[in-house]
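The values are calculated or read from the model by the stated rules, or taken from the named source; none is laboratory data. Small disclaimer: the values here were computed from a predicted structure and weren't measured. FYI the Cβ positions are ideal-geometry reconstructions off the backbone, even for glycines, and counts take in every protein chain you see. When the accessible area is computed, the model is the full protein with side chains, heavy atoms only, and any ligands, DNA or RNA have been set aside. Shrake-Rupley method; radii C 1.70, N 1.55, O 1.52, S 1.80 Å.
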Amino acid sequence: MPAEIEFIYDFGGPNSWFVHRALPAIEAKGRVRFRYVPVLLGGLFKATGNRPPILTYGHVEAKVAYDQLEMERFMERHGISGFRLNPHFPLNTLLAMRGAIAAERLGCGQAYRETMFKGLWEDGLKLDDPAVWAETVAAAGLDAAALGALVEDPEVKAELVANTDAAVARGAFGVPTFFLGNEMWFGKDRLRDVVEAAEAE
């Protein structure tokens, strides 16, 4: 059986988009599979005292330039393209992430994730606007009414909180984070490392 890697993500973290785009080719080899675990990035930051990189390092021109280089290297390595910074960044992802929980319950988790990632990091949509969110979900052929109702369900809200708290308890402080068993890797640039570790098991 393929080794399972947990992928802790929030749609609002652009590096989660990079990982999401890279995973199909990795999983196609049949040696590993990824389980998406939605969390609230704002909750991770609040619990750990972390801050978004753009706020922490945005004034360091050399680091900003290097991060751009690493982004280009990652896309080239994994054969992906289409990324553009969302003009509304940063966005409040509470609705989108609750939607991820709701979509799993309705059996459309994969399609919903694709819709949110594409909308945020390819189409530049303001998906923290409930009207834009509902329109985007409906345009993807998903049941916007059912998802919209379920995101208000207390159990859905509680599951997102529980996922976030559990990630913090295991050492997570941002996204994307990966867990292979109890071992943790952080950042899109560690994707290759966690895959190699999983394949070696």
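Within region 48-81, restricting attention to residues that are assigned to a loop (DSSP other than H, G, I, E, B) and in contact (Cβ under 8 Å) with a residue 60 or more places away in the chain, which residue is nearest to Phe18 (Cα to Cα)? Applying the filter and picking the extreme gives Ile80. For Arg84, the criteria (1) in a helix (DSSP H, G or I); (2) closer than 18 Å to Phe11 by Cβ hold in every case but one, which is (1). Out of the residues in region 14-28 meeting the condition of being of a type in the set (A, V, I, L, M, F, W, C) and touching a residue at least 24 places away in the same chain (Cβ under 8 Å), tell me which one is most open to solvent (accessible area, probe 1.4 Å). My answer is Ala25. Inside region 106-121, residues that are open to solvent by 50 Å² or more (accessible area, probe 1.4 Å) and outside any helix (DSSP H, G or I) make up a count of 1.
Candidates in region 29-47 are the residues that are open to solvent by 60 Å² or more (accessible area, probe 1.4 Å) and touching a residue at least 12 places away in the same chain (Cβ under 8 Å); of these, the one that is farthest from Gln110 (Cα to Cα) is Ala47. For region 144-168, residues that are among the small types (Gly, Ala, Ser) and open to solvent by less than 30 Å² (accessible area, probe 1.4 Å) total 3. For the residues Gly171, Gly124, Gly141, the requirement of being part of a loop (DSSP other than H, G, I, E, B), touching a His at 6+ places or on another chain (Cβ under 8 Å) and surrounded by fewer than 15 Cβ atoms within 10 Å (Cβ to Cβ) singles out Gly124. Considering every residue within region 71-86, establish whether at least one is closer than 28 Å to Val151 by Cβ, open to solvent by less than 40 Å² (accessible area, probe 1.4 Å), at pLDDT 95 or above and in contact with a helix residue (DSSP H, G or I) (Cβ under 9 Å, 6 or more places away or on another chain). Yes, that holds for at least one residue.
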